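What follows is a set of notes on a single structure, which appears directly below.
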Amino acid sequence: MVKIGDRVRLIHMPNYPCPIEPGAVGTVDYVDKGYGDIHFPPQIGVKWDNGRSLSLIVGVDHFEVVDAGQVREWASTSVSDLAHDLDRLVRGAERAGYSTHS
């Protein structure tokens, strides 16, 4: 999962009337795990290099980590947590119209 200080690049922000432009890069300022449902989804607060601050909605907005800054300690993350995160991201991609099958 994304952590504070990671650098992210926006791919697509579909549901915001004044979105950040695709390709914009920013730094993660906070991570709010939300409640994991449609009314309180996880959010990632980003300070964008263009001067704006706008959160990414996990499962709705599409982005990538471009520079994690350090190697993650995956050993401290449980397999069930990783499976849950992956399942949530796949469902969000499918809702957005992306094919998740190769």
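Every read-out reported here was derived from the displayed coordinates using simple, explicitly stated rules and does not represent laboratory data. Fair warning: this is a prediction, and the values are worked out from it, not measured in the lab. Note that we place each Cβ from the backbone using ideal geometry, even for glycine, and neighbour counts take in every protein chain shown.
Side notes on the structure shown:
- Packing rank of 12-23, 49-60, where each peptide gets the mean count of other beta carbons within 10 Å, highest leading: 49-60, 12-23
- Length released on extending from PHE40 to ALA96, taking residue separation times 0.36 nm less the Cα-Cα span: 18.4 nm
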